[in-house]
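Asks: Structure in structure tokens, see below.
The values are calculated or read from the model by the stated rules, or taken from the named source; none is laboratory data. What you see is a predicted model; the values in this text were computed from it and never measured. Note: ideal-geometry Cβ built from the backbone for every residue, glycine included; neighbour counts use all protein chains shown. To get the accessible areas, we keep the full protein, side chains included, count just its heavy atoms, and leave off ligands, DNA and RNA. Shrake-Rupley method; radii C 1.70, N 1.55, O 1.52, S 1.80 Å.
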Amino acid sequence: MNIAIDGPAGAGKSTIAKLVSKKLGYIYVDTGAMFRAIGLFCAEENTGSDDHELIAETAGRADVNIGYVDGAQRVFLNGADVTDRLRDEKVGNMASVVAQIPAVRSTLLDLQRKIAAENDVVMDGRDIGTCVLPDAQLKVYLTASSAVRAKRRYDELVAKGETPDIDVIEKDIIDRDERDMNREIAPLKQADDAILVDSSYMTIEEVTDRIMELAAKAQGK
Ligand code: DC
């Protein structure tokens, strides 16, 4: 069984996908983390975000793999566990830049398909339903307004003791959406057979219940 959850940055995909995978006993595959690992590598190599040839050459030296420890996904970059360094805003933005590069996408595509072929998965990303797993038994497109997504991110950062500017956060979110939706290869887009869930005014529990209901239907229960 393959469940694909796609949607824009900050819609709550990973929170929901983790909860759903746990309830179903499936593996959670966070594909954004794979792009983030390559983004981290390029940031460390100081490629900048404009020279795509240099980024492609640099990304070619980044070997990304994933493994599971106590059911949680860990991401390895050239053999080192970098999982705890991937959530940074800068790394997310760089991930969105490297994700435009064809060679990066095709390497990660092979890895993603291999994991889905060998396991029951809940996989989240941008192009899972449209490109990575076109035959997934359930496809969900999870979205929320940019203002709601910015507010959620703002609250997260405030809870960590930071003093963020909500307008800057919303602008970053809109820029990222723009890049992810308008790139040439595998842009973010709702698959024709995906079910739209707008989480703007839903709690985490409500969204999880809705997807569990859809999963039961997809399994024929
Ligand atoms: O979901 P995330 O914020 O961790 O993703 C980081 C970036 O990686 C996102 O802005 C675009 C890219 N990405 C992608 O192009 N395709 C995916 N399947 C997942 C992420």
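Asks: If the cut-off is a Cα-Cα distance under 20 Å, which lysines reach K139, setting aside same-chain residues fewer than 8 apart in sequence?
Replies: Here the lysines satisfying the reach criterion relative to K139 are K13, K18, K22, K23, K114, K189, K217, K221.
Asks: Before anything else, pin down the relative contact order of the chain: Cα pairs under 8 Å, at least 6 apart, normalised by residue count, whole percent.
Replies: On the way: 348 pairs, mean separation 70.6, N = 221.
Once divided by the residue count of the chain, the mean separation gives 32 percent.
Asks: Quick one: with all protein chains in place, what share of the accessible area of the chain is carbon or sulfur, to the nearest percent (1.4 Å probe)? Before the final figure, lay out each step's value.
Replies: Working: 5540 of 11070 Å².
That share works out to 50 percent.
Asks: Tell me the mean residue ellipticity at 222 nm calculated for the chain from its helices only (DSSP H runs of n ≥ 4, each -39500 (n - 2.57), averaged over every residue, nearest 500). Write out the running numbers ahead of the final one.
Replies: On the way: 8 runs with 107 residues, N = 221.
That comes out to -15500 deg cm²/dmol.
Asks: Which of A159, A103, A186 ends up with the largest GNM mean-square fluctuation for the chain, with Cα atoms connected below 10 Å?
Replies: Answer for the Gaussian network model of the chain: A159.
Asks: Could you give the longest part of the chain that holds none of the GluC sites (Glu not before Pro) found in DSSP loops with at most 14 neighbouring Cβ atoms within 10 Å?
Replies: On the way: sites that count: E162, E184.
Formally, the longest exposed-site-free interval is 1-161.
Asks: With a cap of 16 neighbouring Cβ atoms within 10 Å, and only residues DSSP puts in a loop, list the trypsin sites (Lys or Arg not before Pro) found in the stretch 1-88. Let's see the in-between values first.
Replies: On the way: sites: K13, K18, K22, K23, R36, R61, R74, R85, R87; in loops: R61, R87.
Sites meeting the loop and neighbour criteria: R61, R87.
Asks: I would also like to ask the following. If every alpha-carbon in the chain counts as one equal scatterer, what log10 I(q)/I(0) does Debye give at q = 0.08, 0.12, 0.17 1/Å?
Replies: Debye curve over Cα of the chain, log10 I(q)/I(0) at q = 0.08, 0.12, 0.17 Å⁻¹: -0.27, -0.62, -1.30.
Asks: Identify the chymotrypsin sites (Phe, Trp or Tyr not before Pro) of the stretch 119-221 meeting these criteria: DSSP loop state and at most 15 other C-beta atoms within 10 Å of the C-beta. Don't jump to the answer; show the numbers that get you there.
Replies: Numbers: sites: Y141, Y154, Y201; in loops: Y201.
Sparse-neighbourhood loop chymotrypsin sites (Phe, Trp or Tyr not before Pro): Y201.
Asks: For I5, which sequence-distant residues (separation of 5 or more, or a different chain) have an amide H within less than 5 Å of its own amide H, given hydrogens modelled in the peptide plane?
Replies: Amide H to amide H, under 5 Å and 5 or more residues apart or across chains, I5 pairs with M123, D124, G125, V140.
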